[in-house]
Amino acid sequence: MKTQTSTPVKTKNKLPGRPISKTPLVSPLKSNGQKQKTDMDENDQTDMSERDKTKGSLKESEIRYRRLFESAKDGILILNATTGQINDVNPFLTDLLGYSHDELMGKKLWEIGFFKDEEANRAAFKELQEKKYIRYEELPLETKQGGHVEVEFVSNVYQANGSKVIQCNIRDISGRKQDKIHLEKINEELSVLVETLQTRDRDMKMIHQMNDLLQACKTLEEAFKVIGMACKDLFSGYSGGMAVLHDSGQFLETLTSWGPTPLLEDVFALEDCWAMRRGQEHEVTDPEVNMLCNHFTSPPKEGYLCLPMVVQAEMLGLFHLETPTGMSDDQAVNWKQKAVTVSEGVKISLSNLKLREIMHRQANHDTLTGLFNRRYLEDTLPRELNQAHRKNDPTSIAMLDIDHFKKFNDTYGHEAGDLILREMGHLFQESLRKSDIACRYGGEEFVIVLFDSTQKESLKRFETIRERINSLQLRYRDQLLGRMTVSIGIAEAIDNNMTSEELVAAADKALYAAKSAGRDCIIVFSELEQDKK
């Protein structure tokens, strides 16, 4: 068997040290094209992925927006910015206004019923197109059923899908509006309350001031003046008055009034007033319905209030007041309460003043004759005489004594003597002026002071008094008393340095001279002085 020997194959261009690749060789051009194609495929896949992501995001965004749009707790309208037509509306607004979605779609903003004024809304839409923004803090809308809703209305213009749209956000503020109205009502009530309290505080200060002035009054005349002035301010613009029971107890006298028109008669009987009859307040709210009193100057056209003034079962008088019309219940209560408060303060002050006058009268008057007493003369004459000296007014004083008065007492008794003294008091009060002073000086002696009267004038007046005393015809127990006479001494304060004691002493000397001259005559002190010379 022959053994075969292999012969080695020679190759060209063999590179030393580098193994021969068994992979087919690819031309460079073909290799680059394949790589570019591969890169493009990869980029397309990336773009498609990005677009898919973007679409997905947009879809998710649209879904989220739609969910927000559908579930929003405010009304939303989407309008065409050019035509004003409604492109979309959310459920909240349809529920709020009672319209269906289809009833609103495609309509123009001013064509639907919840905007009342078409012309105004056209103008507002035009303004929105120009300004791109409109806001109404409070806008009334009308529901389909005719109800009313208060809303806050905000609108904006923006681009959507290549066209301009208007988004209107409509927030129901009915609750807020009601809260606001409620708060305003509370504030108004608080303002009224504050004003009422301020008025009441002012009234109480005025009432307190009136009461202080009344406590300082010395006479009823002063008190009535204070009451009239105070009530004019307290009841400004309304008429009223106060009448006081006469000493006889048979009728009332109107002593003060206030307001535009006097209402009370000057004098009227107790029976003319229902309040005085019953001893309790009488209120008239309607003159056509209620019982009217009969003490008016003319029939009342409005309501009024009569309040009897009673202190410790003693009737003092009547407080009358006109009442305003158109008052609320609270105002009527406050008005009446103020009237009662004023009348209560007035009646207590008048009662105290009356008591003080009684005590003053008892201290300064003679209870038997009703004339001033000696104490009053000694307290008053120095002051009055000093005032007369300043004015350079002539002043005369006379001292009178009933002749043989002891004989009357011994013959007819002391009661007959008291009758004579009382008649003398009445005669002096009737014969003298209010400015003069008549006093019972002691026993059967009297002192009379005539202001602004010369000696000649005084002499003439006292001569008349003497003659009237002589003509008195007095009876006691069916028995005619004897003729009465008086002796009179007169002195004139001709010297400004002359004191009241000196003037009384001069009149006393003249009286003594009249008695010495045989009584039933008048002696002037100056004549005595001339006789001495």
Task: Hits in region 394-411 (condition: assigned to a helix (DSSP H, G or I) and not β-branched (Val, Ile, Thr)) - done: Phe405, Lys406, Lys407, Phe408, Asn409, Asp410
Open item on the list: Whether any residue in region 198-205 is under 22 Å from Asn80 (Cβ atoms) and in contact (Cβ under 8 Å) with a residue 40 or more places away in the chain is what I want to check.
Closed with: no
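So that you can scan it fast, the table gives a plain yes or no per residue for (1) in a strand (DSSP E or B); (2) among the basic types (Lys, Arg):
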{"residue": "Glu150", "(1), (2)": "yes, no"}
{"residue": "Val157", "(1), (2)": "yes, no"}
{"residue": "Val165", "(1), (2)": "yes, no"}
{"residue": "Gly175", "(1), (2)": "no, no"}
{"residue": "Ile181", "(1), (2)": "no, no"}
{"residue": "Lys185", "(1), (2)": "no, yes"}
TODO: Specify the residue that is modelled with the lowest pLDDT; the eligible residues are those in region 230-256 that are closer than 21 Å to Leu292 by Cα and surrounded by fewer than 22 Cβ atoms within 10 Å (Cβ to Cβ).
DONE: Gln250
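Within region 289-322, which residues are in contact with a helix residue (DSSP H, G or I) (Cβ under 8 Å, 6 or more places away or on another chain) and farther than 28 Å from Leu353 by Cβ?
Result: Met291, Asn294.
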Task: Hits in region 108-130 (condition: under 15 Å from Gln167 (Cα atoms) and either modelled with pLDDT of 80 or more or of a type in the set (Lys, Arg) (or both)) - done: Lys108, Lys126
Task: Count of residues meeting criterion [touching a Lys or Arg at 6+ places or on another chain (Cβ under 9 Å) and assigned to a helix (DSSP H, G or I)] in region 368-393 - done: 1
- [ ] Give the residue, chosen from Asp508, Asp520, that is assigned by TED's automatic domain parsing to the domain that holds Pro382, more than 60 Å from the chain's Cα centre (by Cα) and closer than 28 Å to Ala363 by Cβ.
- [x] Asp508
- [ ] Can you give me the number of residues within region 121-132 that are over 14 Å from Lys108 (Cα atoms) and either surrounded by 11 or more Cβ atoms within 10 Å (Cβ to Cβ) or touching a Pro at 6+ places or on another chain (Cβ under 8 Å) (or both)?
- [x] 4
Open item on the list: Just to verify a result, which residue in region 420-464, among those that are within 13 Å of Ile397 (Cβ to Cβ) and of a type in the set (Phe, Trp, Tyr), is surrounded by the most Cβ atoms within 10 Å (Cβ to Cβ)?
Closed with: Phe446
- [ ] Would you point out the residue of region 74-104, among those that are in a loop (DSSP other than H, G, I, E, B) and of a type outside the set (Gly, Ala, Ser), that is farthest from Val149 (Cα to Cα)?
- [x] Thr82
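The values are calculated or read from the model by the stated rules, or taken from the named source; none is laboratory data. Owing to the predicted nature of the structure, the values given are computational and were not obtained by experimental measurement. Cβ sites come from the backbone with ideal geometry, for glycine too, and all protein chains shown count toward neighbours.
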